[in-house]
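The values are calculated or read from the model by the stated rules, or taken from the named source; none is laboratory data. Every value quoted in this text rests on a predicted model; they were computed, and no experiment measured them. Neighbour counts run over all protein chains shown; Cβ positions are idealised from the backbone, glycine included. The area values use the complete protein model at the heavy-atom level, side chains included, leaving out ligands, DNA and RNA. Shrake-Rupley method; radii C 1.70, N 1.55, O 1.52, S 1.80 Å.
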Amino acid sequence: MSAAKQALVLHLVGGGEPVWIALAEDRAADLDQRLHQLVKTGQTWDVAGADGTTLVVNFAHVATAHIAPLNGTSRMYGYGQK
């Protein structure tokens with residue numbers, strides 16, 4: 001598993017704690033470019049996790065989203081131990 005350095009942070013419409021997804025390094029830049037449109041149109045998109053998993057995100061349920069550096073202390077999807 002390659003070390004992830006960035007995460008997708010999703011703040012859901014219903015509130016609560018944000019959802020953190022550790023991103024595969026080679027896909028983070030592409031997602032960053034698409035993020036505005038995904039949230040604006042409420043599309044469903046496959047997100048590649050740093051551990052090789054694929055997560056499907058329905059952006060229709062996302063109030064805000066951004067790419068952030070990993071802080072190392074958050075529990076997150078896509079950063080499983082192998």
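Numbers at a glance
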{"read-out": "Residue match in the stretch 23-32 (condition: open to solvent by less than 70 Å² (accessible area, probe 1.4 Å), at pLDDT below 95, acidic (Asp, Glu) and in a helix (DSSP H, G or I))", "value": "yes"}
{"read-out": "Search result, residues across the stretch 33-82 that are surrounded by fewer than 17 Cβ atoms within 10 Å (Cβ to Cβ) and of a type in the set (A, V, I, L, M)", "value": "Leu55, Val56, Ala60, Ala63, Ile67, Ala68"}
{"read-out": "Residues (of a type outside the set (Phe, Trp, Tyr) and in contact (Cβ under 8 Å) with a residue 60 or more places away in the chain) located in the stretch 41-79", "value": "Ile67, Ala68, Pro69, Leu70, Ser74, Met76, Gly78"}
{"read-out": "Count of the stretch 48-78 residues which are more than 12 Å from Trp20 (Cα to Cα), among the β-branched types (Val, Ile, Thr) and not in a loop (DSSP other than H, G, I, E, B)", "value": "4"}
{"read-out": "Subset of the stretch 1-22 [among the small types (Gly, Ala, Ser) and either assigned to a strand (DSSP E or B) or surrounded by 18 or more Cβ atoms within 10 Å (Cβ to Cβ) (or both)]", "value": "Ala4, Ala7, Ala22"}
